[in-house]
Ligand SMILES: Cc1cc2nc3c(=O)[nH]c(=O)nc-3n(C[C@H](O)[C@H](O)[C@H](O)COP(=O)(O)OP(=O)(O)OC[C@H]3O[C@@H](n4cnc5c(N)ncnc54)[C@H](O)[C@@H]3O)c2cc1C
């Protein structure tokens with residue numbers, strides 16, 4: 001089976017980059033039944049960001065070539081460029097840094113282990129339709145808007161770097177394994193269709209033609225043509241390359257200088273005014289204080305560890321752990337001419353449990369012929385990998401795609417989503433020059449381009465459209 005169309009395939013160059021590792025910390029017990037599927041809407045007590053689990057066989061990071069040997073003193077920008085710090089280099093922080101560079105800011109990114117948390121685990125489904133849950137209209141509006149931000153984002157990245165983005169425009173299939181699952185999936189499909197979303201039923205024969213490796217006898221399937229995917233690890237590489245690229249003046253009018261990096265955890269933030277009455281932000285790290293004109297605080301769950309953030313409203317974050325399995329399809333499993341076992345992302349329900357299988361392209365630079373299987377959703381206090389969840393994921397994946405059993409097991413990764421009570425993130429200016437952007441929960445890869453553009457607009461004081469104002473209202477702190 002082919003790899004599907006792939007506008008993401010570009011000439012590649014892959015510098016060797018290795019990020020520093022981070023130490024695991026034990027998580028206070030907060031026991032809930034491990035679940036998969038819809039996130040709990042209940043708020044849980046705050047838990048240390050450092051509890052985000054790191055159970056993975058490899059952490060290949062993209063940032064360090066740019067950051068290796070970063071001096072203690074921050075690279076000074078040209079006099080005219082406002083100096084903005086971005087705290088946290090997950091997908092959200094990095095894309096925000098990119099938008100700020102495009103807006104002419106001199107950006108410094110602070111992170112002890114760039115790209116190593118939730119963004120490292122994520123499958124990267126860009127699935128505003130497949131992710132629809134009952135009663136989440138505002139979140140769905142955000143997801144739909146964010147999906148539309150990807151093409152213009154890719155244009156800017158392609159103008160800056162030849163590094164591929166990791167995007168694939170192959171569709172998603174919603175699959176019900178047995179008759180009970182069929183009723184549940186059909187209910188959700190009717191909600192999606194009532195909202196005008198394109199979700200098309202697939203006959204058994206069409207499904208078999210499209211994906212012959214799927215198990216025979218699956219109860220029912222639907223196609224969502226517009227739910228695509230991006231490999232978040234590759235996207236991070238691409239954005240890092242853009243952040244440090246020499247930008248061609250014919251493509252970029254007034255970009256900021258190359259981004260600077262500090263491989264250090266931020267412990268505190270203090271806001272003051274300078275002699276002229278302009279806001280100044282002092283950021284404390286293990287290496288000492290650094291001063292900026294503004295800051296975007298986007299450390300995912302790490303938010304709860306930073307002192308001094310102006311806090312009119314609490315930001316109730318909780319870790320929602322997910323276990324993700326990464327397989328590689330062996331060449332021996334494929335017929336001549338086939339690139340993968342499946343071409344579409346399969347979002348299945350098996351005996352009441354959701355499981356997804358996300359096929360990476362045969363030529364994916366980081367995960368060639370990869371198959372990402374996930375994801376559990378646990379609030380049981382276990383920061384490490386949950387054995388039962390992995391077993392269920394593999395069983396359910398094999399029930400849908402039996403050849404999973406013959407594939408190579410490459411990696412099992414556990415990380416925590418920065419969960420919020422209503423599944424919506426928190427994005428807003430909390431004092432002059434201080435923008436908070438966190439809580440992207442289970443949709444942060446999808447939401448990141450919208451989040452990045454809006455956070456940059458708040459920093460730069462860009463006029464907001466009516467739609468943007470509404471998106472910010474949906475993400476307002478203290479809502
Ligand atoms: C198992 C799993 C599967 C997922 N699948 C999908 C999916 O298919 N599609 C989707 O859209 N979303 C998915 N998500 C959700 C998505 O991964 C997150 O919402 C998103 O990655 C959040 O990005 P972020 O940049 O806000 O945070 P993170 O990626 O967690 O990055 C935060 C960064 O901040 C740094 N940091 C923390 N504390 C500090 C500090 N004090 N100082 C400086 N830096 C700090 C960390 O080192 C880290 O690099 C998934 C998540 C998980 C866990």
Note on the stretch 76-211: C-alpha Rg/Rh, Kirkwood Rh, two decimals, gives 1.08
So, R0 is 51 Å and r is the distance between the beta-carbons of residue 307 and residue 205; what FRET efficiency does that work out to, to 0.05?
0.25
The relative contact order of the stretch 165-292, taking Cα pairs under 8 Å that sit 6 or more residues apart, comes to a percentage of 25 percent
Compute the orientation-averaged projected area for the stretch 368-411 from the convex hull of its Cα atoms and round it to one decimal in nm².
3.5 nm²
Return an integer: the convex hull volume of the alpha-carbon atoms of the stretch 76-139, in Å³ per residue.
117 Å³
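Rg over Rh of the stretch 285-338, using C-alpha atoms and the Kirkwood radius, what does it come to?
Numbers: Rg = 21.8 Å, Rh = 16.5 Å.
When Rh is taken as the Kirkwood radius, the ratio is 1.32.
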If the convex hull of the alpha-carbon atoms of the stretch 241-289 is projected onto planes in all directions, what is the mean projected area in square nanometres?
5.3 nm²
For residue 460 and residue 159, compute 0.36 nm times the residue count separating them, minus their Cα-Cα distance, and round to one decimal in nm.
106.1 nm
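Counting pairs of Cα atoms in the stretch 132-265, how many percent are more than 19 Å apart? Walk me through the intermediate numbers first.
Numbers: 5757 of 8911 pairs.
Percentage above 19 Å: 65.
Evaluate 2.2 N^0.38 Å with N set to the residue count of the stretch 293-373, then give the Cα radius of gyration divided by it.
Details: Rg = 20.1 Å, N = 81, 2.2 N^0.38 = 11.7 Å.
So the Cα radius of gyration is 1.72 times the expected 2.2 N^0.38 Å.
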Kirkwood-Stokes translational diffusion coefficient of the stretch 147-219, alpha-carbon pairs, 10 °C, 1.306 mPa s, µm²/s:
104 µm²/s
If packing is taken as the average number of other Cβ atoms within 10 Å across a peptide's residues, how do 317-328, 281-292 rank, most packed first?
317-328, 281-292
What is the spread of the Cα atoms of the stretch 243-384 along each of their three principal axes, largest first, in whole Å?
70, 49, 25
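May I ask for the equivalent-ellipsoid semi-axes of the stretch 309-417, computed as the square root of five times each C-alpha gyration tensor eigenvalue and listed largest first in whole Å?
Numbers: eigenvalues 189, 53, 29 Å².
Here the semi-axes work out to 31, 16, 12 Å.
When only C-alpha pairs under 8 Å and at least 6 residues apart count, what is the relative contact order of the stretch 316-416, in percent? List each step's numbers first, then the result.
Working: 186 pairs, mean separation 42.5, N = 101.
Across the stretch 316-416, relative contact order equals 42 percent.
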Averaged across orientations, what area in nm² does the convex hull of the alpha carbons in the stretch 264-315 project?
3.9 nm²
Between the modelled labels at residue 335 and residue 251 (7 Å from Cα along Cα→Cβ) the distance in nm is 4.0 nm
In the calculated pair distance distribution of the stretch 328-479, what percentage of Cα-Cα distances lie above 23 Å?
53 percent
Net length gained if the chain between residue 80 and residue 291 were fully extended (0.36 nm per residue, minus Cα distance)
74.4 nm
Compute the semi-axes of the equivalent ellipsoid of the stretch 127-182, taking the square root of 5 times each eigenvalue of the Cα gyration tensor, and list them largest first in whole Å.
30, 17, 6
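All of the numbers you see were taken from the coordinates with simple rules; none came from a lab. Worth saying up front: this structure is predicted, and the values here are computed from it rather than measured. Virtual Cβ from ideal backbone geometry, glycine too; neighbours counted across all protein chains shown.
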